[in-house]
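Following: one structure in structure tokens, then a few remarks.
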């Protein structure tokens, strides 16, 4: 009798934790039929607080897009307006970006369908490790591209930047983003 009561108590205690863990796992592995969708955007980045070299801004934009699931094979980023010092002239950097992201499809019979999955994703200072507190202006100025060119569920996008001031908790981007399933080509 005591053994049965202990087992029942253990099961009741463990049930919420198991439900929570399985819910998180479902968020990260929920399968979704998808197709690649091509995007062409022109960002005009103006630096007020953090200054980037032309190579630096190109690299940062590339890392962000790849982290969110952009296809590496056709990603092209061209930064214009670079002066001889390799810094954008006048702090203004027009950035021409071509890339593909997954889009939800309801027709799983298409030849172009690839396996995707919804995965919990966050961008905030120091997460992932290539993002710094000083990247707030970049995250804010990429809002349109990041929120509309990627497939999201429950997107929460906050960017409260103050020019000439770096604040540790000034931006956060989180939600479920559609990414290519691991091992798929």
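The values are calculated or read from the model by the stated rules, or taken from the named source; none is laboratory data. The model shown is predicted, which means the values in this text are computed figures rather than measured ones. Counting neighbours? That spans all protein chains shown, and the Cβs are built from the backbone with ideal geometry, glycine included.
Within segment 106-124, is there a residue that is without any contact (Cβ under 8 Å) to a residue 40 or more places away in the chain, surrounded by fewer than 18 Cβ atoms within 10 Å (Cβ to Cβ) and either more than 28 Å from residue 33 (Cβ to Cβ) or in contact with a strand residue (DSSP E or B) (Cβ under 7 Å, 6 or more places away or on another chain) (or both)?
No.
Inside segment 131-145, can you point out the residues that are assigned to a helix (DSSP H, G or I) and touching a strand residue (DSSP E or B) at 6+ places or on another chain (Cβ under 7 Å)?
Correct list: 136, 138, 139, 140, 141, 143, 145.
Is one or more of the residues making up segment 112-121 out of contact with any helix residue (DSSP H, G or I) (no Cβ under 6 Å at 6 or more places or on another chain), under 21 Å from residue 42 (Cβ atoms) and at pLDDT below 95?
no
Checking residue 51 against (1) surrounded by fewer than 18 Cβ atoms within 10 Å (Cβ to Cβ); (2) closer than 22 Å to residue 128 by Cβ; (3) at pLDDT 85 or above, which test does it fail?
Among (1) surrounded by fewer than 18 Cβ atoms within 10 Å (Cβ to Cβ); (2) closer than 22 Å to residue 128 by Cβ; (3) at pLDDT 85 or above, the lone unmet condition for residue 51 is (3).
Can you name every residue in segment 146-184 that is in contact with a helix residue (DSSP H, G or I) (Cβ under 6 Å, 6 or more places away or on another chain) and either in a loop (DSSP other than H, G, I, E, B) or surrounded by fewer than 11 Cβ atoms within 10 Å (Cβ to Cβ) (or both)?
161, 166, 168, 170
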